[in-house]
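Novice: Mind looking over this structure? Questions follow.
The values are calculated or read from the model by the stated rules, or taken from the named source; none is laboratory data. Keep in mind the model is a prediction, meaning the values are calculated, not measured. Neighbour counts run over all protein chains shown; Cβ positions are idealised from the backbone, glycine included. Note: accessible area is taken over every heavy atom of the protein model, side chains too, but ligands, DNA and RNA are not part of it. Shrake-Rupley method; radii C 1.70, N 1.55, O 1.52, S 1.80 Å.
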Amino acid sequence: MSSSITNTGASAALKILSHNQYKTPRLLPTSLDPSPLVQFNKWLSGALDPVAAGEEEGTPKVHEPEAMTLGTATKEGVPSSRVVLLKEVDPTGFLFFTNYSSRKSLELAANPNASLAFYWRETSRQVRVVGRAEKLTRAESDAYFQSRPRGSRLGAWASEQSTVIGEHTLEERVKEIEQRFGTDPDGKVDCPENWGGWRIIPDEVEFWSGQPSRLHDRFRYLRNKTPAADGAVWNINRLSP
Ligand SMILES: Cc1cc2nc3c(=O)[nH]c(=O)nc-3n(C[C@H](O)[C@H](O)[C@H](O)COP(=O)(O)O)c2cc1C
């Protein structure tokens, strides 16, 4: 069944009356990797190329699976969230890039607690992450910055992300920056000091797979604070849907 909506036209009220029944391949404990980062990579590979990743026949590709909702909070605990793009998963965490003077970066600098949420509509999968944010090194941020298209590199110089601007300020800034760096498409554009990457190092990762009648499969990885007797870094539990 697909979603149905009642809407009385131009008003602030709207009701979602019904929703899809999810049906995704079961998520079973025997198929889970001991590391949530490896498990995430398995799911991400499946989202990008289901055939190559050995997903069940007919599993669709996911549009922009790298889009993730990043939750941050001020020191006082006031939350905010926005979508950013995952650029890399390394053995320690999830990497994204942004402006270091933006609201999200100022909040992360004051309070490193952060969350991520991925929702992959096409395959009814969700991944939730809670962890700590750490800035990437200048060398890591520079290396990624130089891999971006020239327009995006110039855009990073032009945008003082999250500040209030006048109607034409951005266009004027772009012109100024283009004049400063020249029109040579191969000309060097350095990474601005206030631009770079963050790594979210997870302490908790949950994998959710939509199932009929809301009896979804959920598995949560919690980082062991003290080493487990068997050396396991992660404790895995099934959660009630
Ligand atoms: C699909 C999508 C991808 C985005 N990717 C990024 C990103 O990788 N980095 C970024 O700084 N902003 C990205 N944005 C913009 C952010 O959502 C946000 O508007 C911006 O970073 C300012 O957020 P802040 O004021 O909370 O710091 C993206 C937005 C969308 C919708």
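Novice: Give me the residue from the stretch 169-191 that is closer than 17 Å to residue 146 by Cα and crowded, with 17+ Cβ neighbours inside 10 Å and, out of that set, farthest from the chain's Cα centre (by Cα).
Specialist: For the stretch 169-191, the residue satisfying everything is 177.
Novice: Is it the case that residue 127 is at pLDDT 95 or above, more than 14 Å from the ligand (Cβ to nearest atom) and β-branched (Val, Ile, Thr)?
Specialist: It is true that residue 127 is at pLDDT 95 or above, more than 14 Å from the ligand (Cβ to nearest atom) and β-branched (Val, Ile, Thr).
Novice: Pairs only if they're at least six apart or on different chains, beta carbon under 8 angstrom, first in the stretch 73-91 and under 15 Å from residue 162 (Cα atoms) and in a strand (DSSP E or B), second within 11 Å of the ligand (Cβ to nearest atom) and of a type in the set (Asp, Glu); list them, first residue then second.
Specialist: Filtered contacts from the stretch 73-91: 80/107.
Novice: Looking at 203, 142, 190, can you tell me which residue is in contact with a Cys (Cβ under 8 Å, 6 or more places away or on another chain), under 24 Å from residue 88 (Cα atoms) and charged (D, E, K, R)?
Specialist: On inspection, the qualifying residue turns out to be 142.
Novice: Please go through the stretch 72-84 and give me each residue that is surrounded by 10 or more Cβ atoms within 10 Å (Cβ to Cβ) and either at positive phi or within 10 Å of the ligand (Cβ to nearest atom) (or both), ordered by number.
Specialist: Within the stretch 72-84, 72, 80, 81, 82, 83, 84 qualify.
Novice: Give just the number: which of (1) open to solvent by less than 10 Å² (accessible area, probe 1.4 Å); (2) within 12 Å of the ligand (Cβ to nearest atom); (3) under 19 Å from residue 41 (Cβ atoms); (4) hydrophobic (A, V, I, L, M, F, W, C) does residue 108 not satisfy?
Specialist: (3)
Novice: State all residues of the stretch 217-241 that are in contact (Cβ under 8 Å) with a residue 24 or more places away in the chain, within 19 Å of residue 92 (Cβ to Cβ) and in a loop (DSSP other than H, G, I, E, B); if no residue qualifies, say none.
Specialist: 232, 233
Novice: Another question about this same structure. Only one of (1) open to solvent by 100 Å² or more (accessible area, probe 1.4 Å); (2) modelled with pLDDT of 90 or more fails for residue 215. Which number is that?
Specialist: The failed condition is (2).
Novice: Can you report the number of residues in the stretch 182-195 which are in contact with a helix residue (DSSP H, G or I) (Cβ under 7 Å, 6 or more places away or on another chain), at pLDDT 90 or above and over 13 Å from residue 152 (Cα atoms)?
Specialist: 0
Novice: Of all residues in the stretch 15-63, how many are more than 14 Å from residue 127 (Cβ to Cβ) and among the β-branched types (Val, Ile, Thr)?
Specialist: Total meeting the criteria: 4.
Novice: Filter the stretch 127-145 down to the residues that are in a helix (DSSP H, G or I) and open to solvent by less than 60 Å² (accessible area, probe 1.4 Å) and list them by number.
Specialist: 141, 142, 144, 145 - these are the residues of the stretch 127-145 that are in a helix (DSSP H, G or I) and open to solvent by less than 60 Å² (accessible area, probe 1.4 Å).
Novice: Might you let me know whether the stretch 51-68 holds any residue that is within 16 Å of the ligand (Cβ to nearest atom), closer than 23 Å to residue 145 by Cα and part of a strand (DSSP E or B)?
Specialist: yes
Novice: Might you check whether a residue that is without any contact (Cβ under 8 Å) to a residue 12 or more places away in the chain and out of contact with any Lys or Arg (no Cβ under 8 Å at 6 or more places or on another chain) occurs anywhere in the stretch 152-162?
Specialist: yes
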